[in-house]
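Reviewing the structure listed below.
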Amino acid sequence: MAAQSNASSTTVDASEIAKFSKLSAEWWDPNGRMAPLHKINPLRLTYIRDAAARKFERNVKSLNCLSGLRILDIGCGAGLLCEPLTRLGAQVIGVDASASNIAAARLHADKGHLSIDYRCTTVEEMDVRERFDVVLAMEVVEHVSDVALFLSRCAAMLKPGGLMVVSTLSRTWKSFALAIVGAEYILRWLPRGTHRWEKFITPDELAKYLLDNRLIITEQTGVVYSPFTDKWSLSSDTDVNYMVIAEEMT
């Protein structure tokens, strides 16, 4: 069953914010400790773009196919998704609880002459009257202190008929072996302690949280890495990484 939100008024886990703040200067280095995120980013971007194009009847081949759409990227880091979404024409608001991440995001956007509304805040601190066509929670659910509260606030930020995209990791022994032991301790793709396995959330658990907020998963896909091609791809295997599209119940 989906856990009930506790009495806390924040989803921020201070230890998680401190952890990622230390990496602020490395977010945009494709060969640094954020290299795995750079490799998976084109797949995430295509998935979001295609889902939004279908939902809002846009021509995905258009360079500005997301023009006119307001997109909220929660836990945006230094803006790895915000920038390409902006280039596709979207009005992007990037939110992160780390001041140093937001500073890095603004600096990089300025260098690229991109206008992106970056805010050092949290989704629960935002005004729910500010609504968005698309709300993104990419690799962030597993880092918050209160999943129920976090997702309820995400849902509240959606416009009627809006689209929510969530990517996270499932709590399985396979994810422990690959995402924790393999990625952090053996291959050292990520700094040790980047993830806490007990905070991973299964697709069924995520579906229940979303359903509590009258959102239903309309699409779900696994995301897998091939060491032979050094690329990420979509898959039916949701045992480790996965992404979902959620929409309002009708």
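Each value in this text was obtained by applying a stated rule to the coordinates, not by laboratory testing. The model shown is predicted, which means the values in this text are computed figures rather than measured ones. Cβ coordinates were reconstructed from backbone atoms using ideal geometry, including for glycine residues, and neighbour counts include every protein chain displayed.
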Quiz item: Going 7 Å from the Cα of Asp50 in the Cα-to-Cβ direction, what parts of region 151-168 have a backbone nitrogen less than 20 Å from that spot?
Solution: 163-168
Quiz item: Hey, if you put +1 on the Cβ of every Lys and Arg and -1 on every Asp and Glu Cβ in the chain, which of Leu81, Ala179, Cys154 ends up farthest toward the positive end of that dipole?
Solution: Leu81
Practice problem: Find which of Val123, Thr10, Val165 sits farthest along the positive direction of the dipole of the chain, computed with +1 on the beta-carbon of Lys and Arg, -1 on that of Asp and Glu, about the Cα centre. | Solution: Val165
Practice problem: With springs only between Cα atoms under 10 Å apart, run a GNM on the chain and tell me which of Arg49, Arg214, Arg129 wobbles the most. | Solution: Arg129
Quiz prompt | Computed over the chain: relative contact order in percent, which uses C-alpha pairs under 8 Å that are six or more apart | solution = 19 percent
Quiz item: Which of the lysines could a cross-linker bridge to Lys208, judged by Cα under 27 Å and excluding same-chain residues fewer than eight apart?
Solution: Lys55, Lys159, Lys174, Lys199
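Just the ratio, please: alpha-carbon radius of gyration of the chain over 2.2 N^0.38 Å, N its number of residues.
Numbers: Rg = 16.9 Å, N = 250, 2.2 N^0.38 = 17.9 Å.
Taking the Cα Rg and dividing by 2.2 N^0.38 Å, one obtains 0.94.
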Quiz item: Nearest 20 debye, what's the magnitude of the dipole of region 120-183 about its Cα centre given +1 on Lys and Arg Cβ and -1 on Asp and Glu Cβ?
Solution: 240 debye
Quiz prompt | Rounded Å value of the spacing that divides the Cα centres of region 49-88 and region 220-250 | solution = 19 Å
Quiz prompt | J(HN,Hα) series, region 124-133, from Karplus relation 6.51 cos²θ - 1.76 cosθ + 1.60, nearest Hz, glycine and proline x | solution = 6, 8, 7, 6, 5, 6, 8, 10, 9, 6
Quiz item: Among Cys65, Cys76, what is the fewest-to-most ranking by other Cβ atoms within 10 Å?
Solution: Cys65, Cys76
Quiz item: Which far-off residues, 5 or more places away or on another chain, put their amide H under 5 Å from the one on Thr218, with H placed in the peptide plane?
Solution: Ile245, Ala246, Glu247
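Between Glu57 and Ser15, what is 0.36 nm times their sequence separation minus the Cα-Cα distance? Round to one decimal in nm. Before the final figure, lay out the partial values.
Details: separation 42, 0.36 × 42 = 15.12 nm, distance 4.11 nm.
Here the segment from Glu57 to Ser15 would lengthen by 11.0 nm.
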Quiz prompt | Residues with amide H under 5 Å from that of Tyr118, placed H, sequence gap 5 or more | solution = Gly94
Quiz item: Using 0.36 nm per residue, how much length does the chain from Met249 to Gln220 gain when fully extended, once their Cα-Cα distance is taken away?
Solution: 8.8 nm
Quiz item: If you put +1 on each Lys and Arg Cβ and -1 on each Asp and Glu Cβ, how big is the dipole of the chain around its Cα centre, in Debye rounded to 20?
Solution: 480 debye
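What length, rounded to one decimal in nm, is gained on full extension from Lys159 through to Leu211, with 0.36 nm per residue of separation minus their alpha-carbon distance? Provide the component values of the computation, followed by the final result.
On the way: separation 52, 0.36 × 52 = 18.72 nm, distance 1.67 nm.
Gain on stretching Lys159 to Leu211: 17.1 nm.
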Exercise. Would you kindly state the longest site-free stretch of the chain, with sites defined as GluC sites (Glu not before Pro) in a DSSP loop (not H, G, I, E, B) surrounded by at most 13 other Cβ atoms within 10 Å?
Key: 131-250
Quiz item: Dipole magnitude of region 1-142 about its Cα centre, charges +1 at Lys/Arg Cβ and -1 at Asp/Glu Cβ only, in debye to the nearest 20?
Solution: 540 debye
